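A.B. asks: One structure follows; several queries about it will come next.
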Amino acid sequence: MPRLLRLRTDKSPKECTIQQLSAEKPLKQYRSKRDFQRTTEPEGEAAAAISAADKIFVIQEHHSRRLHYDFRLERDGVLKSWAVPKGIPETTEDKRLAVETEDHPLEYAKFEGEIPKGQYGAGTVIIWDKGTYTPKVWDEKMVEFTLKGEKLKGRYVLVRLKRAGEKSWLMLKGKD
Ligand code: MN
């Protein structure tokens, strides 16, 4: 039965999401897909410290069965993740499919290397870009933010594609 433990004065109401109320433990799906005896990917801390500092983002070039770019934004102590098969949009005309994937631990932002054969996502992972971001909108339908990376700088938007299924989004580059 839910009960009030304390008021969180360190969080704004905008940072509260419906997912936080779900019973599923963070990173459950991430951990269930991987054998940490075999892969060098991080298992993730039980509870990541929530910092008020700038939130991080990372884009990992992942040479698995099919090359794709894993786009990850720090949120609620985990990395919210999307797989972008054709890469990050370069112009305001580009529309790139982004498939939502399971939350990853914060430490994953530093991961580079080889995921062994037979393991989930087997293949090479390279950090393509990293930095911080500022969210502008974050709701069920849309995520809008500004990236401050080494390669990428400026506004981007992720828009949920309702018809194409729950996990499909479009990634667009905003006008700066
Ligand atoms: Mn991947």
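The values are calculated or read from the model by the stated rules, or taken from the named source; none is laboratory data. Just so we're clear, the structure is a prediction, and the values are computed from it rather than from any experiment. Every residue, glycine as well, gets a Cβ built from its backbone with ideal geometry; the counts of neighbours run over all protein chains shown. Ligands, DNA and RNA are excluded from the accessible area calculation, which covers all protein heavy atoms including side chains. Shrake-Rupley method; radii C 1.70, N 1.55, O 1.52, S 1.80 Å.
A.B. asks: How much length is gained on full extension from GLU15 to LYS117, taking 0.36 nm per residue of separation minus their Cα-Cα distance?
C.D. replies: 32.9 nm
A.B. asks: Taking the solvent-accessible surface of protein heavy atoms with a 1.4 Å probe, what is the per residue accessible area of the chain in Å²?
C.D. replies: Accessible area per residue, the chain: 64 Å².
A.B. asks: Within region 102-118, list the residues whose amide N lies under 13 Å from a label point set 7 Å along Cα→Cβ of LYS33.
C.D. replies: Hits in region 102-118 for LYS33 at 13 Å: 102-105.
A.B. asks: So what J values fall out for region 119-134 if you push phi through Karplus, 6.51 cos²θ - 1.76 cosθ + 1.60 with θ = phi - 60°, rounded to Hz, Gly and Pro as x?
C.D. replies: Taking θ as phi minus 60°, the curve returns 8, 4, x, 3, x, 8, 10, 10, 6, 8, 7, 8, x, 10, 9, 10 Hz for region 119-134.
A.B. asks: Report ³J(HN,Hα) in whole Hz for each residue of region 79-90, in order, from the Karplus equation J = 6.51 cos²θ - 1.76 cosθ + 1.60 where θ = phi - 60°; Gly and Pro get x.
C.D. replies: Running phi through 6.51 cos²θ - 1.76 cosθ + 1.60 with θ = phi - 60° gives 9, 5, 10, 9, 9, 10, x, 9, x, 6, x, 9 Hz.
A.B. asks: To continue, here is another question. Helix-derived [θ] at 222 nm for the chain: sum -39500 (n - 2.57) over DSSP H runs of at least 4, divide by residue count, nearest 500?
C.D. replies: Helix contribution divided over all residues of the chain: -500 deg cm²/dmol.
A.B. asks: Please list, in chain and number order, the residues 5+ apart from GLY123 or on another chain whose amide H is under 5 Å from its amide H, with Hs placed from the backbone.
C.D. replies: ILE115
A.B. asks: Here's another thing I want to ask about it. Tell me the carbon and sulfur percent of the accessible area for region 63-176, rounded to whole percent, probe radius 1.4 Å.
C.D. replies: The C+S portion of the solvent-accessible surface of region 63-176 is 53 percent.
A.B. asks: What residues qualify as long-range amide H neighbours of GLU41, i.e. H under 5 Å apart, gap of 5 or more or another chain, H built at 1.01 Å from N?
C.D. replies: none
A.B. asks: Could you list, in their original order, any pairs among LYS11/LYS175; LYS28/LYS130; LYS33/LYS151; LYS25/LYS86; LYS110/LYS173; LYS14/LYS86 whose Cα atoms are separated by more than 28 Å?
C.D. replies: Distance filter (> 28 Å) returns LYS11/LYS175; LYS33/LYS151; LYS25/LYS86; LYS14/LYS86.
A.B. asks: Just in region 72-127: which GluC sites (Glu not before Pro) are loop by DSSP and have at most 15 other Cβ atoms within 10 Å?
C.D. replies: GLU90, GLU93, GLU112
A.B. asks: If you don't mind, another one. Report relative contact order for the chain in percent, whole number only (criteria: Cα-Cα under 8 Å, sequence separation at least 6).
C.D. replies: Reported as a whole number, the value is 20 percent.
A.B. asks: Which value, in debye to the nearest 20, gives the size of the charge dipole of region 31-174 about its Cα centre, when Lys and Arg are +1 and Asp and Glu are -1 at the Cβ?
C.D. replies: In total the dipole reaches around 520 debye.
A.B. asks: Using the charge dipole of the chain (Lys, Arg: +1 at Cβ; Asp, Glu: -1 at Cβ; taken about the Cα centre), state which of LEU161, GLN29, HIS104 has its Cα farthest towards the positive end.
C.D. replies: In the chain, that residue is LEU161.
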